[in-house]
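To keep things clear, I will list the structure first and then write my remarks on it.
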Amino acid sequence: MTYDEVVRERRSIRGFLDKPVPRALIEEVIALAVRAPSSFNNQCWNFTVVTGEPLDRIRAGNTAGILAGRPDSREFRRFDKVPELHRGRQIEIAKQLFGAMGIERDDKDGRQDWVLRGFRQFDAPVSVVVTYDRVLLGSDIAPFDCGAATNALVNAAWSRGLGCVINSQGIMQSPVVREQAEIPDDQVIMICVAMGWPDETFPANAVVSRRKELDEAARFVGFD
Ligand SMILES: Cc1cc2nc3c(=O)[nH]c(=O)nc-3n(C[C@H](O)[C@H](O)[C@H](O)COP(=O)(O)O)c2cc1C
């Protein structure tokens, strides 16, 4: 695949085959991801790759905690209320996903089932938990650098036929993730990436999200 093909064709994958991912392949993908640039080459990112029983315990604990009403304990700052412009984009992708899955607006059970799937990281065979060194907590650079590496990770995975969805639903109950993935206290949990072989028959996997037009995304100054 060319670089353009990887970038243009990659989509978030939310339905996976029940087929293990070889550790050597994940190592190959991470080796590419860590080629990402970082501020002062700090390489603050760390990846904890979880599969099998520990991952099942994360799914179960995350879901149980949320259903029991335990507060969201994701370890990054969030908006209290999503601004209207961004909320519009969120609604657009949700409509596309629900449309593909045949989940109607008033289908409460169908919607709940979809949300629960998210809390289970879409039952992916692998979850890569991205963390960064706690000594950098409070700087915006560490999340920026983790984002660069995580984007590189999902693109590298895609180039090898693996599908991913970067997700924060899976780390909603961070103590469970920390305990089961054995993440030390000197690490801040940034995000997780559900990874596996895409199930080509899963309708949501075909959804292509829209991007704002180039003239909305970029301004050019001094070119005339
Ligand atoms: C930081 C971050 C958090 C995300 N969290 C979730 C999530 O919790 N659940 C989910 O289904 N998708 C999640 N996504 C995936 C986005 O919805 C997706 O990237 C976006 O809609 C664009 O679609 P695409 O990845 O198919 O291009 C997340 C993506 C990012 C970058």
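The values are calculated or read from the model by the stated rules, or taken from the named source; none is laboratory data. None of the values given here were measured: they were computed from a predicted structure. For neighbour counting, all protein chains shown are included, and Cβ atoms are generated from backbone atoms with ideal geometry for every residue, glycine included.
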### Task
List every residue pair whose Cβ atoms sit under 8 Å apart, with the two residues 6 or more apart in sequence or on different chains, where the first one lies in the range 70-94 and is touching a residue at least 40 places away in the same chain (Cβ under 8 Å) and more than 14 Å from Ser168 (Cα to Cα) and the second, anywhere, is more than 11 Å from the ligand (Cβ to nearest atom) and not in a helix (DSSP H, G or I).
Arg70/Gln173
### Summary
The condition from (1) of a type in the set (Val, Ile, Thr); (2) surrounded by 15 or more Cβ atoms within 10 Å (Cβ to Cβ); (3) within 16 Å of the ligand (Cβ to nearest atom) that Ile26 misses is numbered (3)
### Query
Can you pull out the strands (runs of 3 or more DSSP E) entirely within the range 115-222 that have at least 3 residues that are crowded, with 23+ Cβ neighbours inside 10 Å, aromatic (Phe, Trp, Tyr) and without any contact (Cβ under 8 Å) to a residue 60 or more places away in the chain?
none
#### Entry: Any hit, the range 40-63, residues being away from the ligand (no atom under 16 Å from the Cβ), buried (at least 18 other Cβ atoms within 10 Å of the Cβ) and over 20 Å from Asn167 (Cβ atoms)
yes
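Does Ala100 count as within 13 Å of the ligand (Cβ to nearest atom) and either assigned to a strand (DSSP E or B) or touching a residue at least 12 places away in the same chain (Cβ under 8 Å) (or both)?
Numbers: within 13 Å of the ligand (Cβ to nearest atom): yes; either assigned to a strand (DSSP E or B) or touching a residue at least 12 places away in the same chain (Cβ under 8 Å) (or both): yes.
Yes, satisfied.
Applying the selection to the range 1-45, what residues are among the basic types (Lys, Arg) and closer than 24 Å to Met101 by Cβ?
The first filter runs over the range 1-45 and keeps only residues among the basic types (Lys, Arg), leaving 8, 10-11, 14, 19, 23, 35.
Correct list: Arg8, Arg10, Arg11, Arg14, Lys19.
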### Query
Of Val165, Val126, which residue is away from the ligand (no atom under 13 Å from the Cβ), in contact with a Ser or Thr (Cβ under 9 Å, 6 or more places away or on another chain) and either β-branched (Val, Ile, Thr) or modelled with pLDDT of 95 or more (or both)?
Val126
## Note on the structure
All conditions in (1) more than 13 Å from the chain's Cα centre (by Cα); (2) within 12 Å of the ligand (Cβ to nearest atom); (3) under 18 Å from Asn205 (Cα atoms) are true of His86 except (3)
